[in-house]
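All remarks here apply to the structure that follows.
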Amino acid sequence: MENKTHFPTHQDIYIKSIKKLFLSHFSDNIPLAVVKTYGCQQNFSDSEKIKGILKNIGFDFTTDEKKADLIIFNTCAIREHAEDRIFGNIGALKNIKKEKPDLIIAVCGCMTEQESVEEKIKRSFPFVDLILGTDSIYHLPQMLYSAMKERDKIIVERGKSRDIIDEDIPTFRGNKLKASVPIMYGCDNFCSYCIVPYVRGREKSRAPESVISEIKELVDKGYKDITLLGQNVNSYGKGLGEKINFADLLKKIDAINGEFWVRFMTSHPKDASFELIDTIAQSKHICHHLHLPFQSGNNRILKEMNRHYNRERYLSIVNYAKMKIPDIILTSDVIVGFPSETTEEFEDTLSLIKEVKFSSLFTFIYSKRPGTPASKMEDKTSKKEKQERFRRLLELQSSISDEIYREQIGKIEKVLVECASPNEGKLTCRTGGGIVVEIKGKKDLIGKFADVEITGARRCNLLGEVCGD
Ligand code: SAH
Ligand code: SF4
Ligand code: F3S
């Protein structure tokens, strides 16, 4: 695939023009933007690009909507509940706009890639100035310029999924230790319940050189915990000119000098290979953490979900990982109440959870997404029954998490000291497996790796003491 650069070249012209427009509007003040992000890490990473562009234009950031000159909502469409909440929050901007007619309101991200959402925004929220789809971030300066010039019109650019990747969009990172690096965009899997392939377009991988040089730069700047992002990182490399898979990319990243961790999400079990597990086992920098969503423990449901693996295949990968990497921390996503799931089929999900023992789970009740194949399937299970299944799931997972956390007591763990804890005199750290550990210690430890002995376990975190203290 060609790796053309679209930014800043012609968008630079708009950046200059917007600066002029803003200067005439807000001559004494630096314009302020709110960028509010919903959804997954991919969206948070996109927001860092949106902020990078806005910073170039001259914006500073605030979380106070009343102070803002520009408000951007970067939205998520994964479940109905997420969308409803976001519509509610857009609605609440009406009064702010009334008080401050110069305010520009933009809605971007996954929700906007649905035609029905564009129509609803136009109908119910006419005060929105700009709608921008997921593959149009590089166009933000130009679109913002149009929105400022044509105040009585809504500017829309969506549905523009392209097969190129914009490599040169500036990134404004909110954290000095942890960074996300997208290695691929989009999704080709079409799980029958999921909206992502419709709103994020087809899979495209970044060239390995771009990924490597970004990570080298981050390591040089002192970043310590780097997360590689993709909806299905295991299919990395598809469509690239050279023959490279995800394990190959990880090996190249592992060869970078420096003291840092690398983790990745999300892995799809259908493409997770034994080679991947071997690569983690032999690596220096890759965390012993595997987030491997299983969604259901029942083979009929997995087939209906179009997941392309079965329970046995899932367990074989997990068991291989446990054998090769005995301290591996496993986490996963699971959906309860997929259309036609029976109580017995749900119990297969419970038995898989008991068998694998995940340290934590992201648990979801199935949500109907218009346009997906599952939305046309018959769904007779009552909401009450689904909630009861959900309750049983949470109860089971909570006891397993407690058990796994207790098992950590007495172990020596390498942690990254991330920040001061809200508890006076304490510091918040994270293990390679992503578990939070609170330790006593001086603030000069922040940003460093430390070996700690785990001394206690609470509901959501561990307690530890720095070794040798
Ligand atoms: N690409 C990732 C998941 C991205 S979405 C993967 O395949 O693993 C994150 C999680 O949201 C999914 O793993 C799934 O558990 C959940 N999810 C997606 N669509 C959903 C829906 N319609 N209803 C409920 N949960 C859903
Ligand atoms: Fe959705 Fe499946 Fe793609 Fe994940 S792999 S984003 S669940 S379609
Ligand atoms: Fe949501 Fe889009 Fe991520 S739908 S979960 S923000 S890819």
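The values are calculated or read from the model by the stated rules, or taken from the named source; none is laboratory data. None of the values given here were measured: they were computed from a predicted structure. Positions of Cβ are backbone-derived with ideal geometry, glycine not excepted, and every protein chain shown enters the neighbour counts.
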*State the number of residues belonging to the range 34-60 that are modelled with pLDDT under 95 and either among the hydrophobic types (A, V, I, L, M, F, W, C) or not assigned by TED's automatic domain parsing to the domain that holds Thr134 (or both).*
4
*Out of Glu157, Glu118, report the one residue that is modelled with pLDDT of 95 or more and either within 19 Å of Thr37 (Cα to Cα) or touching a Leu at 6+ places or on another chain (Cβ under 7 Å) (or both).*
Glu118
*Those residues that are over 17 Å from Asn461 (Cβ atoms) and either surrounded by 13 or more Cβ atoms within 10 Å (Cβ to Cβ) or within 25 Å of the chain's Cα centre (by Cα) (or both), I need them from the range 388-408; list them, please.*
Glu388, Arg389, Phe390, Arg392, Leu393, Leu394, Leu396
_With the condition being within 16 Å of ligand 3 (Cβ to nearest atom), I'd like the helices (runs of 4 or more DSSP H) fully within the range 43-155 carrying at least 1 qualifying residues._
80-91, 115-124
*Any chance Arg158 is surrounded by fewer than 22 Cβ atoms within 10 Å (Cβ to Cβ), within 16 Å of ligand 3 (Cβ to nearest atom) and within 26 Å of Asn56 (Cβ to Cβ)*: yes
*Scan the helices (runs of 4 or more DSSP H) fully inside the range 183-271 and keep the ones with 3 or more residues being more than 16 Å from ligand 3 (Cβ to nearest atom).*
208-220, 246-254
*asked:* Show the residue pairs meeting these rules: Cβ distance below 6 Å; 6+ apart or different chains; first residue within the range 94-105 and more than 13 Å from Ala33 (Cα to Cα); second residue of a type in the set (Phe, Trp, Tyr).
replied: Lys94/Phe127; Lys97/Phe127
*asked:* Any residue at all in the range 66-74 that's within 16 Å of ligand 2 (Cβ to nearest atom) and within 13 Å of Thr134 (Cβ to Cβ)?
replied: no
*Does any residue in the range 259-288 that is more than 11 Å from Tyr320 (Cβ to Cβ) and away from ligand 2 (no atom under 14 Å from the Cβ) come within less than 7 Å, Cβ to Cβ, of a residue that is among the acidic types (Asp, Glu) and part of a loop (DSSP other than H, G, I, E, B) six or more places away or on a different chain, and which pairs are these?*
His288/Asp327
*May I ask you to list the residues in the range 80-93 that are small (Gly, Ala, Ser) and in contact (Cβ under 8 Å) with a residue 24 or more places away in the chain?*
Ala82, Gly91
_Residues within the range 185-211 that are β-branched (Val, Ile, Thr), within 14 Å of ligand 1 (Cβ to nearest atom) and touching a strand residue (DSSP E or B) at 6+ places or on another chain (Cβ under 7 Å), tallied_ = 0
_If I ask for residues that are within 16 Å of ligand 2 (Cβ to nearest atom) and farther than 15 Å from Phe390 by Cβ, which ones from the range 342-368 would you list?_
Lys368
